[in-house]
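These notes are about the structure you will find just below.
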Ligand SMILES: O=C(O)CCC(=O)C(=O)O
Ligand SMILES: [Fe+2]
């Protein structure tokens, strides 16, 4: 649950700094129907207008996780509720074996989910997708 109190100087404040979610799927309800969520597209911040009775869905993996942030509002409080679909902490994460072929070698290494989230939650929100820490630099398999 994210609560953004009404703010007399919204131009000097950010509600939630730029980030990408580190999960498989995010479903977000903009509860109070006050504008605030923004996504970055071609370097520009685009507001995602709240629609009554609707959810915003953010995917990861083949559909790259969208960089987004939330602003605060001059006149009104804002409330959003995010639910995250993510893997079991005791498991590993990496490219789905069915997607790794000699023609399309693994581009990400496998790591323990707990290790991934430890790094994710201890970093600064800096826009860049955290999944890039798993990227295999030189290609050619998981040993590189
Ligand atoms: O409040 C919002 O609209 C965004 C919340 C969000 O990005 C998050 O909880 O990860
Ligand atoms: Fe988010």
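Give the relative contact order (percent, whole number) for the stretch 1-86; include only Cα pairs under 8 Å separated by 6+ residues.
Working: 184 pairs, mean separation 44.8, N = 86.
Over the stretch 1-86, the number comes to 52 percent.
If each DSSP helix of 4+ residues adds -39,500 (n - 2.57) and the sum is divided by the residues in the chain, what number results at 222 nm, nearest 500 deg cm²/dmol?
-2000 deg cm²/dmol, from helical runs alone.
Say we join alpha carbon atoms closer than 10 Å with springs in a Gaussian network model of the chain; which of 39, 111, 27 then has the biggest fluctuation?
111
With each label point set 7 Å from Cα along the Cα-Cβ vector, what nm distance links residue 84 and residue 53?
So the two model labels end up 3.0 nm from each other.
Take the alpha carbon atoms of the stretch 1-33, find their center, do the same for the stretch 79-108, and report the distance between the two centers in whole angstrom.
24 Å
Relative contact order for the chain: what percent, with Cα pairs under 8 Å and sequence separation of 6 or more? Present the calculation step by step, with values, prior to reporting the outcome.
Values: 272 pairs, mean separation 45.1, N = 144.
31 percent.
If we count other beta carbons within 10 Å of each Cβ, what is the order of 31, 56, fewest first?
On the way: 31 14, 56 18.
Ordered by Cβ neighbours within 10 Å, fewest first: 31, 56.
Expressed as an acute angle from 0 to 90° and rounded to the nearest 10, what is the orientation of the C-alpha long axis of helix 113-122 relative to the principal long axis of the chain?
Result, in degrees: 40.
How do 103, 92 rank when sorted from fewest to most other Cβ atoms within 10 Å of their own Cβ?
Neighbour counts put them in this order, fewest first: 103, 92.
Label points 7 Å out from Cα along the Cβ direction at residue 9 and residue 74: separation in nm?
Once both label points are built, they end up 1.5 nm from each other.
Each reported figure results from applying straightforward, stated rules to the coordinates on display, with no laboratory input. Predicted, not measured: the structure shown is a model, and the values here were computed from it. All Cβ positions, glycine included, derive from the backbone under ideal geometry; neighbour counts span all protein chains shown.
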